[in-house]
Amino acid sequence: MARGSAGESVLHRHLRILEAFDAWHPFLTLSEVADAASLPRSSTHRLIGELEREGLLERLPDRTYRLGVRLWEFASRTPGAVGLREIARPWLEAVHLRVRQHTQLGVLRGHDVLFIERMSTPDAVVNATLIGGRIPLHASSSGLVLLAHADPALVAEVEAGEFEAYTERTIRNAAQLRAVLEGVRADGYAVGEGYIHPESRGIAVPVVGPGGAVYAAMGVVLPNDGSSPLPYVELLRRAAAGVARDLAAAYRPDVDEHIHGIRSLVTGSRRSLEYLESLPSGAGPAPAP
């Protein structure tokens, strides 16, 4: 892989540019991208041009840039995020109808929990979650569930890192984190009271995929009123069990023994699904004349 003068791969520099865009900065100028990515303007101009030609960035008439739709095209093919989101959505909706606050689905991404779905109401309690947004693992009930079932090497990395504090209740050191994770493993759920905002409480449970691995965390954010979390834990557990059953069905090896095929990503009529599976690889309906 080609590398720059400082030993950094070209791919990594492309990723730094893409990571400059977020929910609060969806449109950036060339200079703003260069500053956010900590790259020289000349290099940024060249890298942006390459990303634009591949459809990963799009240039707007006002000379700003935004993430390209082709990124969504790639993301929509992965069972690890979008496919999981589609499968889990009916169960999330069922939970949300009961709690009428915030309901969310998160997956592990480095030292953060990445939220791939979120449902809310206008008068819900304060919450920092955005679809496509991240929160450090130690500061979120969903993050704690994911970390409790993560590789020990990742747990050690988080314990050795910095603990960003949002409130006085946020976990602040490795000793606190270890104790909380032991409780999460023993209880099978996590509760974060006032971790992100004093008025808010997060409750989350694991979502288990085929093979027994934890695929995601399903959680709710509610008023931090001191009431028992157990009714919400039971509600979340029932929904997570439903997601697990649907994941197992989506990955069942009933199409030429390929368990990671289109059934894990597509919902709809059975006839439509069978038709899509019958098409040659990469084929699709012809464009309208």
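R63 passes every criterion in (1) on the phi > 0 side of the Ramachandran plot; (2) in a strand (DSSP E or B) apart from (2). Restrict the check to region 160-178 and report whether at least one residue is of a type in the set (F, W, Y) and either assigned to a helix (DSSP H, G or I) or at pLDDT below 95 (or both). Yes, there is a match, as at least one residue in region 160-178 is of a type in the set (F, W, Y) and either assigned to a helix (DSSP H, G or I) or at pLDDT below 95 (or both).
Given the structure, is S228 polar (S, T, N, Q) and within 22 Å of the chain's Cα centre (by Cα)?
Values: polar (S, T, N, Q): yes; within 22 Å of the chain's Cα centre (by Cα): no.
Criteria not met by S228.
Considering only region 158-203, state which residues are under 20 Å from the mean Cα position of the chain (by Cα) and either of a type in the set (F, W, Y) or more than 16 Å from V220 (Cβ to Cβ) (or both). The answer is V158, E164, Y189, Y195. Of all residues in region 65-118, exactly one satisfies the criterion of being of a type in the set (G, A, S), surrounded by fewer than 20 Cβ atoms within 10 Å (Cβ to Cβ), in contact with a Leu (Cβ under 8 Å, 6 or more places away or on another chain) and at pLDDT 85 or above, namely G68. Looking only at residues of region 119-142 that are under 14 Å from S200 (Cα atoms) and not polar (S, T, N, Q), we find that the one that is surrounded by the fewest Cβ atoms within 10 Å (Cβ to Cβ) is D123.
Determine, yes or no, whether I131 is under 22 Å from V214 (Cβ atoms) and touching a residue at least 60 places away in the same chain (Cβ under 8 Å). Can you show your working first?
Numbers: under 22 Å from V214 (Cβ atoms): yes; touching a residue at least 60 places away in the same chain (Cβ under 8 Å): no.
No; evaluated as a whole, the condition is false for this residue.
Pairs meeting the criteria (first residue in region 176-195 and touching a residue at least 12 places away in the same chain (Cβ under 8 Å), second residue surrounded by fewer than 16 Cβ atoms within 10 Å (Cβ to Cβ) and not in a helix (DSSP H, G or I), beta carbons under 8 Å, at least 6 apart or on different chains) are G194/T167; G194/E168; Y195/T167. Going residue by residue through region 136-143, is there one that turns out to be of a type in the set (S, T, N, Q), closer than 23 Å to G83 by Cα, under 21 Å from the mean Cα position of the chain (by Cα) and modelled with pLDDT under 95? No - not one qualifying residue is present in region 136-143.
Taken together, the residues in region 11-36 that are of a type in the set (A, V, I, L, M, F, W, C) and either at pLDDT below 90 or not in a helix (DSSP H, G or I) (or both) amount to 6.
The values are calculated or read from the model by the stated rules, or taken from the named source; none is laboratory data. Because the structure is predicted, anything quoted here is derived from the model rather than measured. Every residue, glycine as well, gets a Cβ built from its backbone with ideal geometry; the counts of neighbours run over all protein chains shown.
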